[in-house]
Amino acid sequence: MSYEIQAEVRQTQGTGASRRLRNAGKVPAVLYGEGTEPLAIAVEHRAMFYALEKESFHTALIALSIDGKIHNVIVRDFQMHPFKQQVQHIDFQVVDLNKPVKIRVPVHVLNAEISPAVKLQGGRVSLLANAVEVSALPKNMPESLVLDVAKVNAGDILHLSDIPFPEGVESVSLKRGDNLAIASASGKKR
């Protein structure tokens, strides 16, 4: 899924200026990346709030339009208000479409309800890590990774090597030689 966001350059910076911007329905943000100077920008709050609720937005390649110029970016970080439903700040990183990017991608469990650990041994499958850091070209970045646990028995531990990575996507930890545990299955063995 691709996203397009309109942004404008911020002329003023600081706590007071950011507060006035938020009261006007905008979110202060910064655009940075290799070969570009950091640029203070502002984006619409409503659009950002609803986009940040979508899991796919956090790993998607975003077309950020500033004064008619399009930048290919990813969301690198964002801050929310502690108790209000308000986005406080967003960091956008400019990416080169021909260079790999490291980003954390969420992991989803598939077929847990039919696995022997759950169905026959009264256990459950628990994720030990909700996301995995991967390296890929921006156009190959997956929205999420799927861990199939259909054949998992009680006491089994699943590792990074058990996740089927799409073509052109590789785990940063596996590349380093660390095959970290991702999920475990509990239950009574028979």
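A short reminder: the numbers here are calculations on the coordinates, not readings from a lab. Here the structure is a predicted model, which is why all the values come from computation and not from measurement. Neighbour counts are summed over all protein chains in view; Cβ atoms, including those assigned to glycine, are modelled from backbone coordinates with ideal geometry.
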## Note on the structure
Quick calc, R104 & R19: beta-carbon distance into FRET formula, R0 22 Å, rounding 0.05, result 0.15
### Task
Name the most mobile residue of I114, I74, I90, meaning the one with the largest mean-square fluctuation, in a Gaussian network model of the chain with Cα contacts below 10 Å.
I114
## Note on the structure
Site Q86, offset 7 angstrom along Cα→Cβ, radius 13 Å on amide nitrogen, limited to the range 1-30, gives 16-28
### Query
K188: which lysines have alpha carbons under 24 Å from its alpha carbon, excluding same-chain residues fewer than 8 sequence positions away?
K119, K151
### Summary
In a Gaussian network model of the chain with springs linking alpha carbons closer than 10 Å, the residue among Q85, Q93, Q121 that fluctuates most is Q85
### Query
What is the Cα radius of gyration of the chain over 2.2 N^0.38 Å, N being its residue count?
1.26
### Message
Between A150 and A181, how high is the FRET efficiency from 1/(1 + (r/R0)^6) when r is the Cβ-Cβ distance and R₀ = 25 Å? Nearest 0.05.
### Response
0.85
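Let me have the 222 nm mean residue ellipticity of the chain computed from DSSP H runs of 4+ only, each contributing -39500 (n - 2.57), with the sum over all residues rounded to the nearest 500. Walk me through the intermediate numbers first.
On the way: 4 runs with 26 residues, N = 190.
The helix contribution divided over the chain gives -3500 deg cm²/dmol.
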### Task
Compute the separation of the alpha-carbon centres of the range 12-72 and the range 144-190 and state it in Å as a whole number.
35 Å
### Message
Taking 8 Å as the Cα distance limit and 6 or more residues as the minimum spacing, I'd like the relative contact order of the chain as a percentage.
### Response
18 percent
### Task
Could you check the simple spin-label distance between R76 and I114, using points 7 Å along Cα→Cβ, in nm with one decimal?
4.3 nm
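Using Cβ contacts closer than 10 Å as the measure, can you line up V107, V132 from fewest to most?
Numbers: V107 19, V132 23.
If I rank by nearby Cβ atoms, fewest first, I get V107, V132.
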